[in-house]
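J.: Quick one: structure below, then a few questions.
The values are calculated or read from the model by the stated rules, or taken from the named source; none is laboratory data. The structure displayed is predicted, hence computed values, not measured ones. Cβ atoms come from the backbone with ideal geometry, glycine included; neighbour counts cover every protein chain shown.
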Amino acid sequence: MADPRPQSRLSAAVVGGGPAGLIAAETLAAAGWSVTVFERMPSAGRKFLMAGRGGLNLTHAEPLPAFLGRYGAGGARLREIVEAFPPAALRDWADGLGAETFTGSSGRVFPRAMKASPLLRAWLSRLEGLGVSIRTRTAWTGWSEDGALRFEGESGVETLRPAATVLALGGASWPRLGSDGRWVDLLAARGVEIAPFRPSNAGLEIDWSEPFRQRFAGQPLKAVALSFGERVVRGEAVVAGYGLEGGAVYALSGPLRDALAADGRAELTLDLAPDVTVETLTERLSRGRAGDPLSNRLRKAGLSPVAVGLMREARGVALPPEPARLARVAKGARLRVNGMRGLERAISSAGGVAWDAVDDQLMLRRLPGVFVAGEMLDWEAPTGGYLLQACFASGLAAARGVLAREASV
């Protein structure tokens, strides 16, 4: 039987084998291009697989206007890109690979297998069927003097002159998985504007007392509300030996990071009983017999041992015995934040190629024919499916930019 795919006319180099790079490769190959993906690591999708350890939160099911608002004031261009490939489209794509998705109780969307590996295997098989070549252990090292792409691999140095290049090299978080930001100097040397990388969705460093650290490190905080400035986030957190981490913490990491950079410190407020008012909690703490130990009153009021420990950490002194004062501490435990975990432990990064450095098709203005996608671009988003959604959407947008440019020639 004849090959139903259109005959390849042009070649494309996709540098980076994460979600943004692979979806760009798929889009170009499906349009008839000859595509080679170059990946520095031993295999493609390593960070994607790491994300799958928590169930692979692909996207989120909340209404699109609210979803797009998660990308913040600086993400206007990104919101347009996600709107062109929204969560419903990503779910359809995953379903087409046999990775049927479902919506969890929090609105997060996962494959039913709750793993990344089956989806990645099916995806790589599809790419192989489309004729995509994936070259691993091959690092992009910039351009030769005559303008060709230069790579270094197990067979030595080679150069390539594709009709188009898509760079999808990731940001600078979790460098051991391949996203180490080495590309910054290569693009900056070509006059591309780069915003400095900063950790995003990272844990907060808090100086716990030693007894608290020893007793509660690793303990979850269920159904709490964290606030900083005017922002309030409800969710879960985890006490770590160095401070706090978890989804609710990550949602505030951007403004906290900026405050730490400006002032060297910040203060995080915890509501350890967000489902009850101060008055209701005061009444609960007033119950019991005279002489009941304080620990019993706190427990009977619904405050867990780790919550009580946090109240003590916030006070720095003994807890007050009066129910009203106790309730106010539980509803507004203030913790001093001294720092944020670095890029090597952050889930994602802010910074990267400035939006002004790319045109509406995600092509670098200083480097015609070179497109950028994924976390290389200067954006950030909370966890919950927003990160992967934007990586997929921007990879698709870059590939469509390649096709639009070729069509206009």
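J.: Go through the range 116-134 residue by residue and tally those that are in contact with a Ser or Thr (Cβ under 8 Å, 6 or more places away or on another chain) and surrounded by fewer than 18 Cβ atoms within 10 Å (Cβ to Cβ). Outline the logic, then answer.
T.: Taking the range 116-134 first, the residues in contact with a Ser or Thr (Cβ under 8 Å, 6 or more places away or on another chain) are 131-134.
Subset that is surrounded by fewer than 18 Cβ atoms within 10 Å (Cβ to Cβ): 131, 133.
Matching residues across the range 116-134 total 2.
Conditions (1) at pLDDT below 95; (2) within 18 Å of W140 (Cβ to Cβ); (3) not in a strand (DSSP E or B), marked per residue:
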site: P4; (1), (2), (3): yes, no, yes
site: A13; (1), (2), (3): no, yes, no
site: E62; (1), (2), (3): no, no, yes
site: R79; (1), (2), (3): yes, no, yes
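J.: Could you check the range 223-278 and list, in sequence order, the residues that are in a helix (DSSP H, G or I) and within 20 Å of the chain's Cα centre (by Cα)?
T.: G247, A248, V249, Y250, S253, G254, P255, L256, R257, D258
J.: Answer with yes or no whether L285 is modelled with pLDDT of 95 or more and either crowded, with 17+ Cβ neighbours inside 10 Å or not hydroxyl-bearing (S, T, Y) (or both).
T.: no
J.: Somewhere in the range 369-390, is a residue out of contact with any helix residue (DSSP H, G or I) (no Cβ under 6 Å at 6 or more places or on another chain), surrounded by fewer than 22 Cβ atoms within 10 Å (Cβ to Cβ) and over 30 Å from E193 (Cβ atoms)?
T.: For the range 369-390, residues out of contact with any helix residue (DSSP H, G or I) (no Cβ under 6 Å at 6 or more places or on another chain), surrounded by fewer than 22 Cβ atoms within 10 Å (Cβ to Cβ) and over 30 Å from E193 (Cβ atoms): absent.
J.: Looking at (1) modelled with pLDDT of 95 or more; (2) closer than 21 Å to S348 by Cα, which one does L270 not meet, given that it meets all the others?
T.: (2)
J.: Which one of these does V337 not meet: (1) within 25 Å of K47 (Cα to Cα); (2) touching a Leu at 6+ places or on another chain (Cβ under 6 Å)?
T.: So V337 meets the others, but not (1).
J.: Here is a further query. Which one is nearest to A223 (Cα to Cα) among residues in the range 306-328 that are within 33 Å of the chain's Cα centre (by Cα) and either outside the structural domain of F216 (by TED's automatic domain parsing) or touching a residue at least 24 places away in the same chain (Cβ under 8 Å) (or both)?
T.: Among those residues, the one meeting the criterion is A307.
J.: Then there's this: Check off (1) surrounded by fewer than 20 Cβ atoms within 10 Å (Cβ to Cβ); (2) within 22 Å of the chain's Cα centre (by Cα); (3) among the aromatic types (F, W, Y) for F212 and give me the number that stays unchecked.
T.: For F212, the failing item is (2).
J.: Is it the case, given these coordinates, that A266 is surrounded by 19 or more Cβ atoms within 10 Å (Cβ to Cβ), assigned by TED's automatic domain parsing to the domain that holds F216 and among the aliphatic types (A, V, I, L, M)?
T.: Criteria met by A266.
J.: Criterion first (of a type in the set (S, T, Y), within 30 Å of G54 (Cα to Cα) and at pLDDT 95 or above) does S227 satisfy it?
T.: So S227 passes the test.
J.: Take the conditions touching a residue at least 12 places away in the same chain (Cβ under 8 Å), among the polar types (S, T, N, Q) and under 27 Å from G401 (Cβ atoms) and apply them to S133. Does it pass?
T.: Taking the combined requirement at face value, the residue satisfies it.
J.: Would you mind listing the strands (runs of 3 or more DSSP E) fully within the range 106-160 where at least 2 residues are more than 26 Å from the chain's Cα centre (by Cα)?
T.: Passing ranges, in order: 139-143, 149-153, 156-160.
J.: From the list A381, A407, pick out the single residue that is at pLDDT below 95, in contact with a Lys or Arg (Cβ under 6 Å, 6 or more places away or on another chain) and hydrophobic (A, V, I, L, M, F, W, C). First the steps, then the outcome.
T.: Details: A407 fails: in contact with a Lys or Arg (Cβ under 6 Å, 6 or more places away or on another chain).
From the options A381, A407, the qualifying one is A381.
J.: Being in contact (Cβ under 8 Å) with a residue 40 or more places away in the chain, among the hydrophobic types (A, V, I, L, M, F, W, C), in contact with a strand residue (DSSP E or B) (Cβ under 9 Å, 6 or more places away or on another chain) and closer than 25 Å to T383 by Cα is the requirement here; does L335 meet it? Give the derivation first.
T.: Values: in contact (Cβ under 8 Å) with a residue 40 or more places away in the chain: yes; among the hydrophobic types (A, V, I, L, M, F, W, C): yes; in contact with a strand residue (DSSP E or B) (Cβ under 9 Å, 6 or more places away or on another chain): yes; closer than 25 Å to T383 by Cα: yes.
When the stated conditions are applied, L335 passes them.
J.: Consider A29 against the criteria (1) in a helix (DSSP H, G or I); (2) on the phi > 0 side of the Ramachandran plot: it satisfies all of them except one. Which criterion is unmet?
T.: Exception for A29: condition (2).
J.: Among (1) within 32 Å of the chain's Cα centre (by Cα); (2) under 16 Å from D207 (Cβ atoms); (3) surrounded by 13 or more Cβ atoms within 10 Å (Cβ to Cβ), there is one condition L303 misses while meeting the rest; what is its number?
T.: (2)
J.: A further question on this structure: Any residue that is more than 17 Å from the chain's Cα centre (by Cα) and over 30 Å from R366 (Cβ atoms) - is there at least one of those in the range 339-351?
T.: yes
J.: Hey, another quick one. If the requirement is being over 25 Å from L28 (Cβ atoms), surrounded by fewer than 16 Cβ atoms within 10 Å (Cβ to Cβ) and either out of contact with any Pro (no Cβ under 8 Å at 6 or more places or on another chain) or free of Cβ contacts under 8 Å to residues at least 12 places away in the same chain (or both), which of these qualifies: F197, F102, F110?
T.: The match here is F102.
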